[in-house]
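Read-outs throughout are calculated quantities, based only on the coordinates presented, and are distinct from any laboratory measurement. As the structure is a prediction and not an experimental result, all values here were calculated from the model. Please note: Cβ atoms are built from the backbone with ideal geometry, for glycine as well, and neighbour counts cover all protein chains shown.
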Amino acid sequence: MQNTQCICFVDEILKGTNTIERIAASAAVLKYLYSTDCLCVTASHDIELTHILSDMYDNYHFREYIRDDGIHFDYKLKPGPSQTRNAIKLLHFMDFDTQIVEDAETLVSNFINSKTW
């Protein structure tokens, strides 16, 4: 039997699906790929996957910089999962109403403190 090797690139696995099932199904797929002779490179915004798969996959990220003229990346890989958040900064940058930005910031703060929505 011939030994085959695989390189797999996955970008935003199961994007557009409901959060709980996306995380569970994505973790199951990535665990399976890990168990095979496959080099798997995955891009995801699901921070939960970095915790679930931390003993199987190495984490790297690109750092974003939001300035007055837009969002910028230096495209240099940095170790570990990203520690920055940018969705609310993008709301502000795109001139969403101040009340929307403030409400989003409050929701994030409450979630960080209580771990519930």
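Beta bridges assigned by DSSP with both partners in the chain are antiparallel in approximately 50 percent of cases. Close amide H contacts of Cys8 (hydrogens built in the peptide plane, cut-off under 5 Å, sequence separation of 5 or more or a different chain): Leu39, Cys40, Val41.
Only Cα pairs under 8 Å and 6+ residues apart enter the sum, and on that basis the relative contact order of the range 1-57 stands at 46 percent.
Summing Lys and Arg as +1 and Asp and Glu as -1 over all other residues whose Cβ lies under 12 Å from the Cβ of Leu53 gives a net charge of -3.
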